[in-house]
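To start, the structure itself, in structure tokens.
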Amino acid sequence: FMQELERLRDQPAVTTDGFLVNLLTNTGLLADATPGLQRGAEGVGLYRSEIPFMIHDSFPTEQEQFGLYHKVLKAYAPRPVNMRTLDIGGDKQLPYFDISESNPYLGWRGIRFTLDNAQLLISQIRAMLRADVDNGNLRLLVPMVSRVDEMQSFRRYVEKAVDALNRDGHPVRMPEIGMMIEVPSAMLLLPRLAPYVDFVSIGSNDLTQYLLAVDRNNPRVSNLFDHLHPAVLVALEQIHQQCEALHLPVSLCGEMASDPAAVLLLTAMGYSTLSLSAYNIPRIKLLLRSVSRESLQPLLEQTRQCNSETEIRALIAPLLETVG
Ligand code: PEP
Ligand code: MG
């Protein structure tokens, strides 16, 4: 098994007709760095910085964060690492900072929380920039963006941090800044957000939750939570087309990138960067290497006529059986 993994690690995730997909990994724990590298991740598509915050017993200091981020950037250098700023709130709570709300998914989450706690945001940005100095592979990613002024403010914080650190003798550079598309308003405002972002990463878990108004963690409605819902697929096609027109690189980093049926449709749409759990990389790579993108186009066309995720899954199932 390990030999099989090693053989696959060095092979590209390319379809039989030459469409190359970059497979990156999602992480948050240092312990995840090794599995990602063993499975040939071409970088970290999503570093969930809230995970180390959640296992601490108080807010980590800038210096503590620096140590942590440095290890992750170093483990992957020169491959890119997309470090997302703190995304707490919603279902992610800190043991030492209570955010109790009656509607947490619509509340103090992600960039909303960090812009309201600017010192925390600044310490995180500074730690990431400093950790990048000897590695040069940092990219910043902003969670839960729903307004243009959030990206404007975030960019200003990064520019100020770069200036302040440079003045203090730290040779930090301005990294590329990306935003997560997880909220429908960010998707609808893409052309207006584009001047403030260098790239886009789709969080399919939250985008599905907010497009369908279905709680991603509520078992009572889990039968309604599916990233193959036709509305989600319409949204994903639209985002891809808009990003192309705007020359914005786009990737997808939710659970959808681990679902073989979804990966076939994303490939047909033209998505060429996916980020997923390291453990799923070999499976998805084998799948991509066994299909032609050309053959997926009629499948995508047929799904455009479907009115439910059940129909869509039924359409894709026979193909998955032959390639899987
Ligand atoms: C997502 O929402 O799809 C995502 C990748 O972010 P998280 O799962 O951490 O909310
Ligand atoms: Mg999310």
May I ask you to verify whether Ala235 is part of a helix (DSSP H, G or I) and away from ligand 2 (no atom under 16 Å from the Cβ)?
-> no
Kindly indicate which of Thr25, Thr85 is more than 20 Å from Leu129 (Cβ to Cβ) and at pLDDT 95 or above.
-> Thr25
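Hey, can you tell me all the residues within the range 238-268 that are surrounded by fewer than 20 Cβ atoms within 10 Å (Cβ to Cβ) and either at pLDDT below 95 or part of a helix (DSSP H, G or I) (or both)? Don't jump to the end; show me each part of the working.
Looking only at the range 238-268, we keep the residues that are surrounded by fewer than 20 Cβ atoms within 10 Å (Cβ to Cβ), and these are 238, 240-242, 244-249, 255, 258, 260.
Residues satisfying the conditions are Gln238, His240, Gln241, Gln242, Glu244, Ala245, Leu246, Glu255, Ser258, Pro260.
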Qualifying residue in the range 89-96 (condition: in a loop (DSSP other than H, G, I, E, B), under 19 Å from Gly178 (Cα atoms), in contact (Cβ under 8 Å) with a residue 40 or more places away in the chain and of a type outside the set (Val, Ile, Thr)) | no
If you check every pair at least six apart or on different chains, which have Cβ atoms under 6 Å apart with a residue in the range 208-234 that is closer than 18 Å to Gln305 by Cβ and among the hydrophobic types (A, V, I, L, M, F, W, C) first and a residue that is surrounded by 14 or more Cβ atoms within 10 Å (Cβ to Cβ) and at pLDDT 95 or above second?
-> Leu228/Glu309; Leu228/Ile312; Ala231/Leu211; Val232/Thr208; Val232/Leu211
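Per-residue answers, yes or no, for (1) within 23 Å of Val291 (Cα to Cα); (2) within 16 Å of ligand 1 (Cβ to nearest atom); (3) among the β-branched types (Val, Ile, Thr):
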site	(1), (2), (3)
Val200	no, yes, yes
Gln209	no, yes, no
Asn217	no, yes, no
Val221	no, no, yes
Val232	no, yes, yes
Gln242	no, no, no
Leu248	no, no, no
Val263	yes, yes, yes
Thr267	yes, no, yes
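Criterion first (within 16 Å of ligand 2 (Cβ to nearest atom), more than 15 Å from the chain's Cα centre (by Cα) and under 29 Å from Leu264 (Cβ atoms)) does Leu212 satisfy it? Before you say what the answer is, go through the steps one by one.
Working: within 16 Å of ligand 2 (Cβ to nearest atom): yes; more than 15 Å from the chain's Cα centre (by Cα): yes; under 29 Å from Leu264 (Cβ atoms): yes.
Against the criterion (within 16 Å of ligand 2 (Cβ to nearest atom), more than 15 Å from the chain's Cα centre (by Cα) and under 29 Å from Leu264 (Cβ atoms)), Leu212 qualifies.
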Does Asn205 meet the test of being more than 27 Å from Lys160 (Cβ to Cβ), touching a residue at least 60 places away in the same chain (Cβ under 8 Å) and within 15 Å of ligand 2 (Cβ to nearest atom)?
-> no
Out of the range 87-109, which residues are touching a strand residue (DSSP E or B) at 6+ places or on another chain (Cβ under 9 Å), more than 11 Å from ligand 1 (Cβ to nearest atom) and of a type outside the set (Phe, Trp, Tyr)?
-> Ile99, Glu101, Pro104, Gly107
When the residues of the range 281-324 are filtered to those that are polar (S, T, N, Q) and part of a helix (DSSP H, G or I), which remaining residue is surrounded by the most Cβ atoms within 10 Å (Cβ to Cβ)?
-> Thr303
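Given the residues Leu106, Leu68, Leu115, which is the only one that is free of Cβ contacts under 8 Å to residues at least 12 places away in the same chain, surrounded by fewer than 23 Cβ atoms within 10 Å (Cβ to Cβ) and not acidic (Asp, Glu)?
Working: Leu68 fails: free of Cβ contacts under 8 Å to residues at least 12 places away in the same chain; Leu115 fails: free of Cβ contacts under 8 Å to residues at least 12 places away in the same chain.
Unique residue meeting the criteria: Leu106.
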Report the residue count in the range 143-164 for those that are crowded, with 18+ Cβ neighbours inside 10 Å and over 22 Å from the mean Cα position of the chain (by Cα).
-> 2
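Search the range 1-59 for residues being polar (S, T, N, Q) and more than 26 Å from Leu266 (Cα to Cα), and hand back the single one that is nearest to the chain's Cα centre (by Cα).
Of all residues in the range 1-59, those polar (S, T, N, Q) come to 3, 11, 15-16, 22, 25-27, 34, 38, 49, 58.
Checking the rest, the ones that are also more than 26 Å from Leu266 (Cα to Cα) come to 3, 34, 49, 58.
Working: Gln3: 29, Thr34: 19, Ser49: 12, Ser58: 26 Å.
Only one residue fits best here, namely Ser49.
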Name the residues in the range 173-187 that are more than 13 Å from ligand 1 (Cβ to nearest atom) and within 20 Å of Ala127 (Cβ to Cβ), would you?
-> Arg173, Met174, Pro175, Glu176, Ile177
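Only one of Gly107, Gly136, Gly90 is modelled with pLDDT under 95 and either in contact with a Gly (Cβ under 8 Å, 6 or more places away or on another chain) or on the phi > 0 side of the Ramachandran plot (or both). Can you tell me which?
Values: Gly107 fails: modelled with pLDDT under 95; Gly136 fails: modelled with pLDDT under 95.
Of the residues listed, the single one that is modelled with pLDDT under 95 and either in contact with a Gly (Cβ under 8 Å, 6 or more places away or on another chain) or on the phi > 0 side of the Ramachandran plot (or both) is Gly90.
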Log entry, pairs with first residue in the range 249-261 being over 23 Å from Ala317 (Cα atoms), second being away from ligand 2 (no atom under 15 Å from the Cβ), beta carbons closer than 6 Å, six or more apart or on different chains, reads Pro249/Phe199; Val250/Cys243; Ser251/Thr273
If Ser123 passes every condition in (1) under 18 Å from the mean Cα position of the chain (by Cα); (2) of a type in the set (Gly, Ala, Ser); (3) at pLDDT 95 or above but one, which one does it miss?
-> (1)
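The values are calculated or read from the model by the stated rules, or taken from the named source; none is laboratory data. Only a predicted model underlies this, so the values are computations on that prediction, with no experimental measurement involved. Cβ sites come from the backbone with ideal geometry, for glycine too, and all protein chains shown count toward neighbours.
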